[in-house]
Amino acid sequence: MSGDLAGLYQQVILDHSREKHGFGLQPDADASSHQVNPTCGDELTLQLHVSDGVISSVTWEGAGCSISMASASLLTDLAPGLSLGDARQRIALFRELMHSRGAGIDDDDELLGDAIVLEGVSKYVARVKCAMLAWVALEADLAQLDA
C-alpha cells in the first residue's frame, strides 16, 4: 500500500471515529448485543432493525479507540439494505480480511464498501479485536434472530 493510500485510509478511520454514523440507540430493535474487548476496554451496544428479512438500520453506542469506533460507524453504512444472509457473508469476508495480516483479500473486497479501509489494521494483531468488535456484535444480533 502506497504512503498516500495509507494516509487516505487513516483519514477515513479518523473521520468515522469523530463523526460516528449510526450512533445513538433507538427503541424497538429486533436484536441487540453488548460486546466488550477486554484487551483494551472498548465496548459497544449494537442494535439491529430488520424488515422483511432485510436490515433496515444498525444503531450503536459505545466508547473505545478510534479503530473500534470507526469500524462500527463503517458497518452502519454498509449493513442497511442487506439480507440477513448477505450480512453474514460480509461478516465472514471482514473476518477474512482481519486475518490476512495485511495481505488483503483477493476477491469481493468491494462487498465491504468503505470498511475495506480497515485492511491495514490486520497487520497489528492486537488491534484486530478492536476492528472486529462491531462485527461480532452484528453476528450476535443475527444469532438472536435465528433463535
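The values are calculated or read from the model by the stated rules, or taken from the named source; none is laboratory data. The structure displayed is predicted, hence computed values, not measured ones. Note that each Cβ is placed from the backbone with ideal geometry, even for glycine, and that neighbours are counted across all protein chains shown.
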Conditions (1) farther than 18 Å from Ile13 by Cα; (2) in contact with a His (Cβ under 6 Å, 6 or more places away or on another chain); number of the one not met by Ala70: (1)
Check whether at least one residue in the range 122-143 is within 23 Å of Glu19 (Cα to Cα), aromatic (Phe, Trp, Tyr) and touching a strand residue (DSSP E or B) at 6+ places or on another chain (Cβ under 8 Å), and report yes or no. no
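Condition check ((1) farther than 21 Å from Asp15 by Cβ; (2) in contact with a Phe, Trp or Tyr (Cβ under 9 Å, 6 or more places away or on another chain); (3) without any contact (Cβ under 8 Å) to a residue 12 or more places away in the chain; (4) acidic (Asp, Glu)) across all residues:
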| position | (1), (2), (3), (4) |
| --- | --- |
| Leu46 | no, yes, no, no |
| Cys65 | no, no, no, no |
| Asp77 | no, no, no, yes |
| Ser83 | yes, no, no, no |
| Glu96 | yes, no, yes, yes |
| Ala115 | no, yes, no, no |
| Leu118 | no, yes, no, no |
| Leu133 | no, no, no, no |
With (1) buried (at least 20 other Cβ atoms within 10 Å of the Cβ); (2) at pLDDT 95 or above as the list, and Glu43 as the residue in question, which single condition is left unmet? (1)
Can you tell me how many residues within the range 39-95 are among the basic types (Lys, Arg) and not in a helix (DSSP H, G or I)? 0
